[in-house]
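Nothing in this text is a laboratory measurement; each read-out follows from the coordinates by a stated rule. Keep in mind that what you see is a predicted model, and the values were worked out from it rather than measured. In this analysis, Cβ positions are derived from the backbone assuming ideal geometry, glycine residues included, and neighbour counts consider all displayed protein chains.
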Amino acid sequence: MNSENILEVKHLHKRFASKGVVVKAVTDVSFDVKPGETIGIVGESGCGKTTLGRCIVRAYDASEGEVFYRTRDGEELDFLKVDRKKMKSIRKEIQMVFQDPYSSLDPRMTVLDIIKEPLKANYPKMSKAEMDQRAKDMATKVGLNPTYLMRYPHAFSGGQRQRIGIARALILNPQIIVCDEAVSALDVSIQAQVINLLHDLQKEMKLTYLFISHDLSVVEHISDKVGVMYLGKMAEFAETEELYAHPLHPYTEALLSAVPVADPTVQIERIPLQGEIPNPANPPSGCYFHGRCRYCTEKCKTETPEFVELKPNHFVACHRAKELSLRGFAYDTKPEAKDE
Ligand SMILES: Nc1ncnc2c1ncn2[C@@H]1O[C@H](COP(=O)(O)OP(=O)(O)O)[C@@H](O)[C@H]1O
Ligand SMILES: [Mg+2]
């Protein structure tokens with residue numbers, strides 16, 4: 001492992017076999033994460049974001065590949081290869097926050113018990129008083145009123161329920177949090193509150209985030225780096241500003257052209273994505289994106305592009321990345337602030 005990294009995902013694959021067909025949900029995904037970073041993972045529904053996140057936390061068994069991880073004690077290991085006992089101790093450090101607080105919170109448990117549950121499972125000798133205290137402290141930290149903790153999840157709003165999910169994920173003092181569409185079900189104003197909370201908690205608890213979302217405008221504000229997935233593969237990976245301003249993959253360009261611009265005077269021509277998302281059980285030849293790409297050539301139909309570092313810290317899998325000049329998100333079309 002590079003000494004600067006906390007996580008290194010290497011050539012990760014996940015195939016699902018069902019009814020005689022094999023779905024390639026994740027294919028050969030690699031990227032590095034430094035401690036304290038937020039990595040955004042974007043792409044259309046079905047491109048493998050959730051599967052990737054779940055393989056990294058070992059909620060799914062990856063089919064191939066490695067997830068190198070540096071533990072809080074400084075040990076380097078392949079998280080996918082550690083035995084069950086070791087996995088349990090390391091899982092405390094790598095937690096997940098889910099999209100749907102309705103289905104991920106047990107409706108028959110009080111919120112106090114929900115937040116406490118990971119402590120019960122991992123520290124059987126801890127006293128009830130200590131657990132209650134820790135759960136109350138964590139509830140306060142995520143902005144929940146501790147006097148309401150004896151209530152059940154249905155008594156809370158969507159945003160509050162997401163805070164409950166965050167408290168539960170943080171109670172074991174993890175290093176890494178995988179947020180899977182953690183704010184996608186919330187109204188825009190509530191989204192902003194939860195994102196601010198995640199940002200504050202990150203600084204306070206020195207957290208590293210993998211922030212999965214189909215919404216590029218959400219990811220832009222929270223991420224240091226962004227990975228764009230298409231049909232199970234990483235199409236592009238770069239620092240956020242670089243990726244949004246100077247995309248190198250035609251798929252990224254098309255996604256960015258669909259992001260709403262705050263300034264109503266700016267008119268952005270949307271680049272339509274031709275055709276349908278292909279079936280991951282029967283992916284296209286060559287570049288997986290070729291059938292929907294307006295820059296497609298003969299080579300793209302037959303040869304698979306390598307995922308290469310074309311510029312420092314800017315990775316892309318496109319045969320034409322060097323020669324194309326693609327349009328980024330409309331940063332530079334924003335009117336200059338006038339000094340008066
Ligand atoms: N448990 C599963 N069994 C079979 N196929 C699955 C399973 N989970 C996901 N898939 C398939 O894998 C692909 C990626 O899904 P997913 O990771 O949920 O994408 P995303 O989170 O980007 O929407 C999809 O084609 C989906 O149908
Ligand atoms: Mg998903």
**Complete:** Row for the stretch 104-210, column shape: gyration tensor on C-alpha, a ≥ b ≥ c, rounded if a/c < 1.5 i.e. under 1.5, prolate if a/b over b/c, else oblate; value oblate
**Prompt:** Which one of Val23, Val218, Val111 has the biggest mean-square fluctuation once the chain is modelled by GNM with Cα springs under 10 Å?
**Reply:** Val23
**Label-to-label distance, nm, for residues given as Asp100 and Glu323 (7 Å Cα→Cβ offset)** = 4.6
**Asked** Under a straight-distance cross-link criterion of Cα-Cα below 19 Å, which lysines are reachable from Lys14, leaving out those fewer than 8 residues away in the same chain?
**Response** Lys24, Lys49, Lys81, Lys233
**Item:** Inter-site label distance for Met87 and Asp187 at 7 Å from Cα along Cβ, in nm
**Value:** 4.2
**Message:** As a test, work out the antiparallel percent of DSSP beta bridges whose residues both lie in the stretch 66-221, rounded to the nearest 5.
**Reply:** 25
**Message:** Taking every DSSP beta bridge with both residues inside the chain, roughly what % is antiparallel (nearest 5)?
**Reply:** 60
**Complete:** Nearest-0.05 FRET efficiency for Gln267 and Tyr123 at R0 = 41 Å, using Cβ-Cβ distance, is 0.10
**Prompt:** With the chain treated as a Gaussian network of Cα nodes joined by springs under 10 Å, which of Ser213, Ser45, Ser30 yields the largest mean-square fluctuation?
**Reply:** Ser45
**Asked** So, counting K/R as plus one and D/E as minus one, what does the shell of residues with Cβ under 11 Å around Gln202 add up to?
**Response** -2
**Request:** Can you tell me the FRET efficiency between Ser157 and Lys206 if r is taken as the Cβ-Cβ distance and R0 is 25 Å, rounded to the nearest 0.05?
**Result:** 0.30
**Request:** List Leu105, Leu273 from most exposed to least, where exposure is judged by having the fewest other Cβ atoms within 10 Å.
**Result:** Leu273, Leu105
**Fill in**
the chain: longest segment with zero exposed trypsin sites (Lys or Arg not before Pro), where exposed means DSSP loop plus at most 16 other C-beta atoms within 10 Å, is residues 207-269
**Asked** Which whole DSSP H helices in the chain pass both tests: a Cα extent of 15 Å or more along the axis and a mean Kyte-Doolittle value no lower than -1.0?
**Response** 111-122, 158-170, 188-205
**Complete:** Most fluctuating of Pro107, Pro312, Pro35 in the GNM of the chain (C-alpha, under 10 Å) is Pro312
